[in-house]
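Novice: I'd like to ask some things about the structure below.
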Amino acid sequence: VLYRVDTEYYGEPYEVVDRYELGRFITPYGINLTLGDDGFTWVYDVTDYAPLLQDSVHLSAGNWQELMEMTFVMIEGTPERDVLKIENIWNGSFGLSSFDQTVAPKTIPLESNAEMWRLKTRTTGHGFGHDQVNCAEFCNKDHSVMINGVTRYVWELWNECSNNPLYPQGGTWVYDRAGWCPGDKVLTYDHELTSYIPDEATDVELDYNYETWDNWGNYVLETQLISYSAPNFELDAALEDVLAPNDWEYYGRFNPICDNPIVRIKNRGSSPITSLIIKYGVQGGDDWYYEWNGVLDFLETEDIVLPPFNWQSADSSQKFIASIHCVNGYEDEYSLNDIFRTDFILPPVYDSIIVCEIATNARGVDNSYYLTNENGDTLYSRDILGNNVTYRDTFILDPGCYVFKLNDLGNNGMSWWAAQNEGNGYVTFRKFGSGFYNFFYSDWHEVPSQSGGDFGEGIIHHFTISHPLGEGAIKTPPEAPEPCEKFYAAVKPATPLQRDKLQVDVYPNPTDRTAYFTTNINGEYELHLYDLIGQEVRRVSRITSRSFALDKGELPNGIYIYEIRQAGQPVASGKLAIQ
């Protein structure tokens, strides 16, 4: 006899009022998958959802395959701006054949006391039929957001999976997909709306579209409109991350290193950042300095490759420290985000003579390798490899730091189960005479003797010769820069003209011919256009109209920085893509 018992899971005081997706993760393909004793960690920034994570909430994750653990890390401090409201816009799984009807334009009332807005979109394509483009999982389509009837953001929903930090996996993990890869986070696109919403507007019309109509598959789409206060700071540079050196397995494809540290900075203040000083080094060692110059607007980030330095440390903690100083010539307004520390591991030490052995598969033409020193000079290379051939090259190296890079143009490694007609290949470092070195194909999973062939797009392997990291040639540390004598609390930077109300629209962006600029500037102004190394490539002077056209002319394709000046002062800046 079976008796039915109904259990009410959601009742007072835990009734489900609304559902918000904080992030999305696609579980890895698990055939022969091993994550080591400590597992693998992914990190999500959920600061925008902080108002939801208060009092009592119900958290859920749709995963039934992996043993997972979730931890919230609360970072004390002041955000770049306060979140006033979070609203779901389009949420769910939408079939492609009826996408235009089910994901229709919406007019959203604006929070009356908000001053800035952002639309968060998170999209993944799934399923495919018998059309030629394999939508929606395996077709790369342009997606776009319209604001008040004008297309403002366009991006290609396509992820390259062969460089996945978690590798190797089972199944077809190397196949590129629409917005996702197995065993990785789904990217959230943050579309800033503020500059496209008129000052006195009480609502905004939003529309989400993709490139063409298809009959098969579906997009899982989650979108939220976030309403914010004005920025909490005017001059605030943040050291967001240290990509290298870092022992976090998510950065394992290019760690451990022995050459150039890589740090990520972000502008969290309303004023553009044009210069700052980065101090860096290992704990207990010398201080090194790098002066960065450029243009970084509010919320923009940039990855900076720092010059090589002395890794020699006064202790064995193996900690790297980087910090920001002297922003635009002033002390930073908010210092709690100016420093970042990471743990790192040492790259392996080899003898001065190494035999590199590469056995190609039936697609040897896909493979090439380069061996460079810490200055980036190529010492040894092979870029045309035959099929099913074994190569043995002898490297004779002085003490120092070296980087070995193996590339695979097929993006499926040298040994992959789904490419059985290609056969199997490998790469290994032999000791001169006899024996093997342990070659790392992933910094969290060591394979003795030779690399695993299922590595996707390539391998990056750092090592030193004859001495551990930091015990070789000692560089002379630079002199410390002069103290930053301007203190923000006493003397604030000059406020750009019309900074609070200035609007600049550029359309289309990217452009292949002409970009149209529209502003609300009163009076005469001029436009300066710079390439990414800071050289001025175009100037338009004595502009008096609120709109003007900039023709591509002879400019090569690429990313440019535009700066609008009035009375000699910069009042606006941004990026222009020419393609």
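Novice: Which residue pairs have Cβ atoms closer than 8 Å, lie 6 or more positions apart in sequence or on different chains, and pair a first residue in segment 478-489 that is outside any loop (DSSP other than H, G, I, E, B) with a second residue that is modelled with pLDDT of 75 or more and surrounded by 10 or more Cβ atoms within 10 Å (Cβ to Cβ)?
Specialist: What qualifies is K486/G329; K486/Y330; K486/E331.
Novice: Considering segment 271-292 alone, what residues qualify as being assigned to a loop (DSSP other than H, G, I, E, B) and over 22 Å from the mean Cα position of the chain (by Cα)?
Specialist: The initial filter retains those residues of segment 271-292 that are assigned to a loop (DSSP other than H, G, I, E, B), namely 271-272, 283-287.
Answer for segment 271-292, where residues must be assigned to a loop (DSSP other than H, G, I, E, B) and over 22 Å from the mean Cα position of the chain (by Cα): S271, Q283, G284, G285, D286, D287.
Novice: Would you mention how many residues in segment 248-287 are over 30 Å from I564 (Cβ atoms), open to solvent by 20 Å² or more (accessible area, probe 1.4 Å) and not acidic (D, E)? Full working, then the answer.
Specialist: We begin by selecting, within segment 248-287, every residue over 30 Å from I564 (Cβ atoms); these are 248-262, 279-287.
Next, only the ones that are open to solvent by 20 Å² or more (accessible area, probe 1.4 Å) stay: 248-251, 253-254, 259-260, 262, 279, 283-287.
Now restrict to residues that are not acidic (D, E): 248, 250-251, 253-254, 260, 262, 279, 283-285.
Qualifying residue count, segment 248-287: 11.
Novice: Within segment 310-318, does at least one residue satisfy the condition of being of a type outside the set (S, T, N, Q), in contact with a Ser or Thr (Cβ under 7 Å, 6 or more places away or on another chain) and buried (at least 20 other Cβ atoms within 10 Å of the Cβ)?
Specialist: no
Novice: Could I ask something else about it? Restricting to strands (runs of 3 or more DSSP E) lying wholly in segment 329-396: which have 1 or more residues that are farther than 19 Å from P261 by Cα and in contact (Cβ under 8 Å) with a residue 12 or more places away in the chain?
Specialist: Ranges flagged: 353-359, 367-373, 378-382, 390-396.
Novice: In addition: Which ones in segment 522-560 are assigned to a strand (DSSP E or B), open to solvent by 20 Å² or more (accessible area, probe 1.4 Å), β-branched (V, I, T) and touching a Phe, Trp or Tyr at 6+ places or on another chain (Cβ under 9 Å)?
Specialist: Narrowing segment 522-560 to residues assigned to a strand (DSSP E or B): 525-530, 536-543, 547-551, 558-560.
Those still in the list that are open to solvent by 20 Å² or more (accessible area, probe 1.4 Å) too: 526, 530, 536-542, 547-549, 551, 558-559.
Subset that is β-branched (V, I, T): 537, 540, 559.
V537, V540 - these are the residues of segment 522-560 that are assigned to a strand (DSSP E or B), open to solvent by 20 Å² or more (accessible area, probe 1.4 Å), β-branched (V, I, T) and touching a Phe, Trp or Tyr at 6+ places or on another chain (Cβ under 9 Å).
Per-residue answers, yes or no, for (1) in contact (Cβ under 8 Å) with a residue 40 or more places away in the chain; (2) under 21 Å from P510 (Cα atoms); (3) open to solvent by less than 20 Å² (accessible area, probe 1.4 Å); (4) part of a loop (DSSP other than H, G, I, E, B):
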residue: S162; (1), (2), (3), (4): yes, no, yes, yes
residue: G170; (1), (2), (3), (4): yes, no, yes, yes
residue: Y175; (1), (2), (3), (4): no, no, no, yes
residue: D199; (1), (2), (3), (4): yes, no, no, yes
residue: W216; (1), (2), (3), (4): yes, no, no, yes
residue: L225; (1), (2), (3), (4): yes, no, yes, no
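Novice: List pairs: first in segment 89-114 and farther than 18 Å from G127 by Cβ, second in a loop (DSSP other than H, G, I, E, B) and open to solvent by 30 Å² or more (accessible area, probe 1.4 Å), Cβ under 7 Å, 6+ apart or cross-chain?
Specialist: P109/T202; L110/A201; L110/T202
Novice: Are any residues in segment 47-71 in contact (Cβ under 8 Å) with a residue 40 or more places away in the chain, more than 18 Å from R81 (Cβ to Cβ) and either among the acidic types (D, E) or surrounded by 10 or more Cβ atoms within 10 Å (Cβ to Cβ) (or both), and if so, which ones?
Specialist: Selection gives H58 alone.
The values are calculated or read from the model by the stated rules, or taken from the named source; none is laboratory data. Computed from a predicted model, the values in this text were never measured in an experiment. Don't worry about glycine lacking a Cβ; one is built from the backbone with ideal geometry, like all the others, and counts go over all protein chains shown. Side chains included, ligands, DNA and RNA excluded: accessible areas come from the protein's heavy atoms. Shrake-Rupley method; radii C 1.70, N 1.55, O 1.52, S 1.80 Å.
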